[in-house]
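To start, the structure under review is shown below, and the notes come after it.
The values are calculated or read from the model by the stated rules, or taken from the named source; none is laboratory data. Computed from a prediction, not measured in an experiment: that's the story for all the values here. Glycine also receives a Cβ, built like all others from the backbone with ideal geometry; neighbour counts cover every protein chain displayed. To get the accessible areas, we keep the full protein, side chains included, count just its heavy atoms, and leave off ligands, DNA and RNA. Shrake-Rupley method; radii C 1.70, N 1.55, O 1.52, S 1.80 Å.
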Amino acid sequence: MTIQDWFEKRKEAQIRRREAEKHMEDDGQPSLWTKCVHCENQILKTDLEENMMVCPVCQYHYRINATKRIKLLFDNDSFVERFKNITPTDPLEFVDTEPYKDRLEKAHAKTNLDEAVITGTGTIKGHRVAAAIMDFDYMGGSMGSVVGEKVTRIMEEAVKQKIPMIAITSSGGARMQESALSLMQMAKTSCAVGKLDEAGLLYINVLTEPTFGGITASFGTLGDIIIAEQGARIGFAGRRVIEQTIRQSLPADFQTAEYLLKYGQVDIISKRSELRDKLADVLSMHGV
């Protein structure tokens, strides 16, 4: 397979996924049904939404945005966003197929977010925590300089308030439009994790679909306890890249949460419906 063939195949798969996840029919009227992208069963959208965006047939966990994640995990009205005023710029005046500034504007229009992470403090079943919640819908959850800055600042806030820190990740990795400025965030956030450790504070990672690249190579996998959502794909390089590099076929479940649990890379696998309880249990066991 040539590189061009690979890109074409990848593009076709993305188109199929978008079509399967569309919430509108061609005539512009809302559809009551959607087809699961995993098992291809027809599901009532209301059933899917009531089941926390988890397929009731095959238990496939759909991606959800940061706002929904906050509503599912935190006590009502307890989450207070912090560092919202830190917004991205275009220091390199980067242009690929379109200017980086235009991409940022489109990402904001799509998600109503200023960056790929929401940071703040709140309570989970009464346990006060600091948290960084990533949103894949914003430029693939990529980590640019602002994401790194916000994650670092909320970790420093956790140290200041002496409360546990939770990082909920969903990302394709570093943001190429910021070049070395993006890569620097890996070291920066890792140093912030070091401050949590020095302060003796609990740090929990929650890995969701998908978590890859510079996130797994930095703050995304440095937690005292690493929890993964059921079925989440987690890794550094993509499966195809690895297979082409080593010229070997990989196991079917490679880079899944279940595979990583088997080999000791994650500590707990959780269904979305059980994640809030499990986080509360971990916080309780550590007396925080």
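In the set (1) touching an Asp or Glu at 6+ places or on another chain (Cβ under 9 Å); (2) loosely packed, with under 14 Cβ neighbours inside 10 Å, the condition left unmet by Y263 is number (1).
Hey, can you tell me all the residues within segment 126-152 that are open to solvent by 30 Å² or more (accessible area, probe 1.4 Å) and farther than 19 Å from L183 by Cα? Talk me through it step by step, then tell me what you get.
Kept after step one, since they are open to solvent by 30 Å² or more (accessible area, probe 1.4 Å), are these residues of segment 126-152: 126-128, 136-137, 139, 145, 149.
Residues satisfying the conditions are G126, H127, R128, D137.
Among the candidates T221, T256, the residue that is of a type in the set (S, T, Y), out of contact with any Cys (no Cβ under 8 Å at 6 or more places or on another chain), closer than 17 Å to V193 by Cβ and surrounded by fewer than 22 Cβ atoms within 10 Å (Cβ to Cβ) is uniquely T221.
Yes/no per residue for (1) assigned to a loop (DSSP other than H, G, I, E, B); (2) at pLDDT 95 or above; (3) closer than 23 Å to K106 by Cβ; (4) β-branched (V, I, T):
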| site | (1), (2), (3), (4) |
| --- | --- |
| R128 | no, yes, no, no |
| A131 | no, yes, no, no |
| F136 | yes, yes, yes, no |
| G148 | no, yes, yes, no |
| E156 | no, yes, no, no |
| V159 | no, yes, no, yes |
| A192 | no, yes, no, no |
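Checking the structure you have, find out if any residue of segment 272-285 is farther than 19 Å from N205 by Cβ and of a type in the set (K, R). The answer is no, given that none of the residues of segment 272-285 is farther than 19 Å from N205 by Cβ and of a type in the set (K, R). Just name the residue that is farthest from A158 (Cα to Cα) out of those in segment 79-95 that are open to solvent by 50 Å² or more (accessible area, probe 1.4 Å) and in contact (Cβ under 8 Å) with a residue 12 or more places away in the chain. For segment 79-95, the residue satisfying everything is F94.
In the set (1) surrounded by fewer than 20 Cβ atoms within 10 Å (Cβ to Cβ); (2) under 17 Å from the mean Cα position of the chain (by Cα); (3) under 28 Å from G122 (Cα atoms), the condition left unmet by G194 is number (2).
The set of residues in segment 54-78 that are open to solvent by 30 Å² or more (accessible area, probe 1.4 Å) and under 22 Å from S171 (Cα atoms) comprises Q59, Y60, R63, N65, T67, K68, K71, L72.
Condition check: under 19 Å from the mean Cα position of the chain (by Cα), open to solvent by 40 Å² or more (accessible area, probe 1.4 Å) and touching a residue at least 60 places away in the same chain (Cβ under 8 Å). Does E209 satisfy that?
Values: under 19 Å from the mean Cα position of the chain (by Cα): yes; open to solvent by 40 Å² or more (accessible area, probe 1.4 Å): no; touching a residue at least 60 places away in the same chain (Cβ under 8 Å): yes.
Answer is no for this residue.
Flag: D47 does not match the condition of being modelled with pLDDT under 65 and farther than 24 Å from E115 by Cα. Applying the set (1) more than 15 Å from V80 (Cβ to Cβ); (2) within 12 Å of the chain's Cα centre (by Cα) to I118 leaves exactly one unmet item: (1). Applying the set (1) more than 30 Å from F94 (Cα to Cα); (2) free of Cβ contacts under 8 Å to residues at least 24 places away in the same chain; (3) assigned to a helix (DSSP H, G or I); (4) open to solvent by 60 Å² or more (accessible area, probe 1.4 Å) to E243 leaves exactly one unmet item: (4). Checking each residue in segment 224-239 for being open to solvent by 10 Å² or more (accessible area, probe 1.4 Å) and either part of a loop (DSSP other than H, G, I, E, B) or touching a residue at least 24 places away in the same chain (Cβ under 8 Å) (or both) picks out D224, I225, I226, Q230, G231, R233, G235, F236, A237, G238.
Just wondering, is there one or more residues in segment 24-43 that are under 20 Å from the mean Cα position of the chain (by Cα), open to solvent by 100 Å² or more (accessible area, probe 1.4 Å) and modelled with pLDDT of 90 or more?
Going residue by residue through segment 24-43, those that are under 20 Å from the mean Cα position of the chain (by Cα) are 37-38.
Subsequent filtering for residues that are open to solvent by 100 Å² or more (accessible area, probe 1.4 Å) retains 38.
From the residues that got through so far, the ones that are modelled with pLDDT of 90 or more too are none.
No, segment 24-43 contains no residue that is under 20 Å from the mean Cα position of the chain (by Cα), open to solvent by 100 Å² or more (accessible area, probe 1.4 Å) and modelled with pLDDT of 90 or more.
Where helices (runs of 4 or more DSSP H) sit wholly within segment 43-125, those with at least 3 residues that are under 30 Å from S182 (Cα atoms) and not aliphatic (A, V, I, L, M) occupy 66-73, 100-111.
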